[in-house]
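The values are calculated or read from the model by the stated rules, or taken from the named source; none is laboratory data. This one's a predicted model, so the numbers in the text were calculated from it and none came from an experiment. All Cβ positions, even for glycine, are placed from backbone atoms using ideal geometry, and neighbour counts span all protein chains on display. Quick note on the areas: whole protein, heavy atoms, side chains included, nothing else; ligands and nucleic acids left out. Shrake-Rupley method; radii C 1.70, N 1.55, O 1.52, S 1.80 Å.
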Amino acid sequence: MPYEPVIGLEVHIQLSTVSKIFCSCSTRFGAAPNTQVCPVCAGLPGVLPVLNRKVVEFAVRLGLATQCHINRKAVFARKNYFYPDLPKGYQISQFDLPFCQDGKIDIEVEGKVKAIRINRIHAEEDAGKSMHAETYVAAGETLVDLNRCGVPLLEVVSEPDIFSPQEAHAYLSCFRRLVRYLEICDGNMEEGSLRCDANISLRPVGTTALGVKTEIKNMNSFSHVEKALAYEISRQAELLERGERIVQETRLWNDGRGITESMRAKEFSHDYRYFPEPDLVPVEIDSQWIDRTRAEMPELPAAKRQRFIGDYSLSTADAEVLTEDRRLAEYFEAVVRESGDARTAATWVLGELLRALNERKHTIEQLRATPAHLAALLKLVAAGGINRAIARETFAIMLESGQMPDEIIRERGWSQINDSQVLEKAVDAVIAECPDETAAFRNGKEKVFGFLMGQVMRRTRGQANPQQLEQLLRQKLDDGNKRY
Amino acid sequence: MITVHDVEQIARLAKLEFTDEEKHRFIKSFNEILSYVELLNELDLDGIEPTTHVVPLQNVLREDCLEFSLPREKVMQNAPEQKEGLFRVPKVIGASDE
């Protein structure tokens with residue numbers, strides 16, 4: 001019997017605030033263990049948590065970007081459970097009154113747009129970090145670092161609208177691009193600032209009732225998510241084929257072995273005994289607050305892509321790459337504004353600039369060459385001040401030194417040679433030096449022309465105006481033909 | 001009505017262990033508490049928003065600014081066992097809940 005998977009994703013994002021959600025400790029990643037801890041996040045008795053305003057603002061931002069309903073009143077709740085990395089014995093989260101509900105994210109798979117509904121977005125505090133891998137610690141012990149306790153998280157729960165690992169991947173990449181545009185999370189899955197758990201069940205194709213689901217955790221990259229879901233689909237399908245039942249349980253993705261493994265079902269079901277957090281008063285978000293946030297929202301990726309296609313006559317593929325990263329899109333637009341030539345700007349940003357970023361593993365903010373640098377370079381090329389080959393070299397230097405292109409060209413004496421007398425001299429010299437090749441060309445071996453061009457370019461250290469040079473060289477070679 | 005099973009479940013969630021005699025004492029007290037709370041069900045609460053907090057306050061917020069954390073010696077001061085700046089606890093199996 002053919003089955004189809006039904007998948008819902010729960011994504012946790014660590015918010016890019018400088019301080020924690022309920023205290024003023026730093027959220028910086030990678031600090032020495034237990035050095036970013038205070039009485040509030042250590043869960044000492046008698047302390048009072050106070051909510052970070054930015055967390056509310058980030059939640060509203062994400063809610064608006066996913067077309068959610070923003071609850072006018074949001075309430076924090078205690079989720080009670082014991083675990084060594086949770087010093088209070090409860091996690092402050094939200095339960096029946098989260099910040100946002102009922103939204104959607106549009107994804108695109110194989111050219112088709114599909115809406116994935118968002119059930120809710122709620123804020124909560126992260127727990128500490130437990131280390132129990134035998135490679136780090138002795139058998140029989142777990143070591144705990146509380147630095148991460150109280151780092152703000154938003155949990156985004158999708159409806160079970162995802163029907164393949166590919167759709168799950170598309171949803172995640174759309175979501176990551178969105179949170180990066182909104183500048184609320186760096187979206188780094190490997191470092192754990194974006195985490196994804198999946199609920200997955202199978203049902204016979206053509207039916208609507210949901211089957212028994214499993215929850216998959218421990219997927220630390222986009223490819224883990226795709227692989228784990230594909231594995232789980234075949235595992236469940238095999239069980240169903242054999243007439244066995246699926247056990248509702250949490251399974252961990254083991255990337256080394258390429259399988260999901262049962263986390264050993266607890267002998268009793270979870271009972272978190274949620275109740276309203278008495279230490280934190282409700283958050284009321286009025287329409288002014290929502291309007292203010294809406295006014296501060298950046299243009300979102302999908303809208304930007306459409307605009308780039310329309311305004312700059314870019315192909316869909318080019319517009320997609322240019323709008324993948326908000327900073328890259330802004331860089332491109334700044335170059336267009338200053339150079340006035342969108343086509344050339346796109347060619348350079350998509351070509352030289354992206355290549356340089358990939359090679360150097362730099363982000364666009366780390367570049368010493370600003371949009372003004374690139375625009376100045378493009379203008380020099382357009383005005384015939386330098387040819388393309390020199391422009392590329394100038395660009396490479398510009399990236400390192402941050403010098404303006406005209407300065408680089410002046411210092412190195414790289415200006416394009418447009419003086420026909422100088423070019424003529426170089427052409428004559430090459431013809432004299434290469435009698436065999438010249439004769440071959442004149443006997444109809446057109447291929448030799450490129451070689452001769454190259455020789456003249458070398459003599460002019462690459463600075464010859466290529467169009468002018470080509471014309472002149474042809475003319476000289478043809479003149480010679482007539483003479484013979 | 002509360003059963004011994006309920007008491008055991010609540011004890012497990014609290015990571016506590018009790019004797020049979022204690023469990024039966026809890027059955028009695030839990031039932032008394034529940035029947036007292038039952039009284040509230042006699043009230044007509046139609047159209048009344050559930051109370052989450054009794055103080056008339058909302059939006060108590062702080063700005064996203066850093067202040068000093070505790071020195072690590074203070075953080076670790078009450079730890080029964082520690083190792084290399086980390087709290088040392090008996091081995092926990094599996095991943096954290098959330």
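With A:CYS149, A:CYS185, A:CYS196 as the choices, which residue is open to solvent by less than 50 Å² (accessible area, probe 1.4 Å), in contact (Cβ under 8 Å) with a residue 40 or more places away in the chain and away from chain B (no Cβ under 14 Å)? The conditions single out A:CYS185.
Selection over the range A:458-474 of residues that are open to solvent by 40 Å² or more (accessible area, probe 1.4 Å) and at pLDDT 85 or above gives a count of 3. Restricting to the range A:122-146, name every residue that is surrounded by fewer than 21 Cβ atoms within 10 Å (Cβ to Cβ) and either in a loop (DSSP other than H, G, I, E, B) or not assigned by TED's automatic domain parsing to the domain that holds A:ARG61 (or both). Hits for the range A:122-146 are A:HIS132, A:ALA133, A:GLU134, A:THR135, A:TYR136, A:VAL137, A:ALA138, A:ALA139, A:GLY140. In the range B:2-19, the residue that is farthest from the other protein chains (Cβ to nearest Cβ) out of those that are open to solvent by 100 Å² or more (accessible area, probe 1.4 Å) and on the phi < 0 side of the Ramachandran plot is B:GLU17. Scanning the range A:1-26 for residues that are among the polar types (S, T, N, Q) and in contact (Cβ under 8 Å) with a residue 40 or more places away in the chain yields A:GLN14, A:SER16, A:THR17. When the residues of the range B:57-77 are narrowed to those that are among the charged types (D, E, K, R) and more than 7 Å from chain A (Cβ to nearest Cβ), which ends up surrounded by the most Cβ atoms within 10 Å (Cβ to Cβ)? This residue is B:LYS74.
Only residues that are among the charged types (D, E, K, R) and buried (at least 17 other Cβ atoms within 10 Å of the Cβ) were counted in the range A:331-363, giving 4.
Within the range A:14-38, the set of residues being surrounded by fewer than 21 Cβ atoms within 10 Å (Cβ to Cβ) and either on the phi > 0 side of the Ramachandran plot or more than 7 Å from chain B (Cβ to nearest Cβ) (or both) comprises A:SER16, A:ARG28, A:PHE29, A:GLY30, A:ALA31. Please go through (1) open to solvent by 70 Å² or more (accessible area, probe 1.4 Å); (2) under 26 Å from A:GLU277 (Cβ atoms); (3) assigned to a loop (DSSP other than H, G, I, E, B) for B:LEU34 and return the number of the only condition it doesn't satisfy. It fails just one condition, (3).
I'd like the full set of residues that are assigned to a strand (DSSP E or B) and either open to solvent by 40 Å² or more (accessible area, probe 1.4 Å) or among the aliphatic types (A, V, I, L, M) (or both), limited to the range A:45-72.
Selection gives A:LEU51, A:HIS69, A:ILE70.
Check A:GLU241, A:GLU261, A:GLU232 and return the single one that is at pLDDT 90 or above and surrounded by fewer than 11 Cβ atoms within 10 Å (Cβ to Cβ). One residue alone meets the criteria, A:GLU241. Residues in the range A:426-440 that are surrounded by 14 or more Cβ atoms within 10 Å (Cβ to Cβ) and assigned to a helix (DSSP H, G or I): A:ALA426, A:VAL427, A:VAL430, A:ILE431, A:GLU437, A:THR438, A:ALA440.
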